[in-house]
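The values are calculated or read from the model by the stated rules, or taken from the named source; none is laboratory data. Treat the numbers as computed from the prediction; the structure is a model and nothing was measured. Every residue, glycine among them, receives a Cβ derived from its backbone with ideal geometry; neighbour counts consider all protein chains shown. Areas reflect the complete protein model, heavy atoms only, side chains present, ligands, DNA and RNA absent. Shrake-Rupley method; radii C 1.70, N 1.55, O 1.52, S 1.80 Å.
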Amino acid sequence: MNILQALFNTSIGKKIVMAVTGLILFGFVVGHLVGNLQIFSPPEKINAYAHFLQNLGPALWVIRGFLLVTVLLHVWMAVALVMENKAARGPKDYANQQTLKASYASRTMRYSGLIVLAFIVYHIMHFTTKNTHGEAFYPTTMLHGEVVADVHTMMVLGFQQPLVAAFYLIAIALLSWHLSHGLASMFQSLGLRTRAWSSCLNKFAVVFSVLYFLGNAAIVGAAFTGAVKIQNEEVKVAMGEICSVNCEVCETVQAKH
Ligand code: HEM
């Protein structure tokens, strides 16, 4: 059996693939959160960061492709392991197992995973392909003499909508829940969960997941409550707020809308 066959055809191999892909996705969500926390800095910061990412050219597509393959492998291995377990237990045994704690945890992993997947599709349409809302939700701004996407304003406008904010909070809560279980089993699959480290690793998984939830919820909450405000003058004028630059700006914008 070569290494690929061993990874994809044995239970332990599948668990290792799940753990490694889970670790990569974990790295992505942490990096993404750190990037998004720049919403608490002046708008130029997050706009420059988003502009940098959008201008990575072919490298961006390589990263996107890599992430997509990682998500697909993670889901594929999860489905294969669930089916394998079902087949191994048989229908009668399976009914008995339903009440066991381990089985409960793995069932919720499946549902939280599926809802997070649905969220990712919505999220990409919301902020990347920009087709969930009208043009006014995706403003542009000037950055070092260049017209760029105003990601700061887009995020604030997005989370000012109660239903959107609620959906994000639910999805982030489920992802955090998913991570708290996933991190613990990842350590196990990679053989890092020794008896001595076990409770330490479990605590790390829970503390990390709570911090992850709070970090994301702070972004949504700050935009929703107005703690982080729109600073794009054109958008402020279009929304009926008083222009803080000069009347020429007001006139130009009002003429446009
Ligand atoms: C409050 C939470 C979140 C905020 C504020 C947020 C914000 C954003 C923004 C602004 C973009 C577009 C960046 C750009 O214009 O280039 C984006 C893209 C993306 N986000 Fe999030 N995000 C959040 C949570 C998540 C979560 C939980 C996931 C995954 C589980 C995720 C996955 C992605 C992906 C895959 C992209 C597309 C990247 C690309 O290919 O361009 N995001 N996010």
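Structure notes:
- Among (1) touching a strand residue (DSSP E or B) at 6+ places or on another chain (Cβ under 9 Å); (2) more than 19 Å from residue 38 (Cα to Cα); (3) more than 15 Å from the ligand (Cβ to nearest atom), the one test that residue 142 misses: (2)
- Screening residue 56 against (1) in a helix (DSSP H, G or I); (2) open to solvent by less than 80 Å² (accessible area, probe 1.4 Å) leaves a single unmet condition, (1).
- Within the range 148-170, the set of residues being among the hydrophobic types (A, V, I, L, M, F, W, C), buried (at least 20 other Cβ atoms within 10 Å of the Cβ) and without any contact (Cβ under 8 Å) to a residue 60 or more places away in the chain comprises 154 only.
- Test: residue in the range 38-50 that is more than 12 Å from the ligand (Cβ to nearest atom), surrounded by 16 or more Cβ atoms within 10 Å (Cβ to Cβ), in the same structural domain as residue 143 (by TED's automatic domain parsing) and over 18 Å from the mean Cα position of the chain (by Cα): yes
- Condition met for residue 129 (under 21 Å from residue 163 (Cβ atoms), within 16 Å of the ligand (Cβ to nearest atom) and modelled with pLDDT of 90 or more): yes
- Pick from the range 174-226, criterion of a type in the set (Ser, Thr, Tyr) and over 14 Å from the mean Cα position of the chain (by Cα), ranking: modelled with the lowest pLDDT: 194
- Filtered by the rule that a residue be aliphatic (A, V, I, L, M) and open to solvent by less than 40 Å² (accessible area, probe 1.4 Å), the range 59-70 gives 60, 67.
- The range 1-55, subset within 30 Å of residue 189 (Cβ to Cβ) and of a type in the set (Ser, Thr, Tyr), residue modelled with the highest pLDDT: 21
- Filter result (surrounded by 13 or more Cβ atoms within 10 Å (Cβ to Cβ) and either of a type in the set (D, E, K, R) or part of a loop (DSSP other than H, G, I, E, B) (or both)) within the range 116-137: 130, 132, 133
- Neighbours by Cβ (under 9 Å, 6+ apart or cross-chain): first from the range 200-213, within 10 Å of residue 177 (Cβ to Cβ); second in a helix (DSSP H, G or I) and open to solvent by 60 Å² or more (accessible area, probe 1.4 Å): 209/177; 213/169; 213/177
- Residue 19 assigned by TED's automatic domain parsing to the domain that holds residue 157 and crowded, with 16+ Cβ neighbours inside 10 Å: yes
- All conditions but one from (1) at pLDDT below 90; (2) surrounded by 12 or more Cβ atoms within 10 Å (Cβ to Cβ); (3) of a type in the set (Lys, Arg) apply to residue 229; the one that does not is (1).
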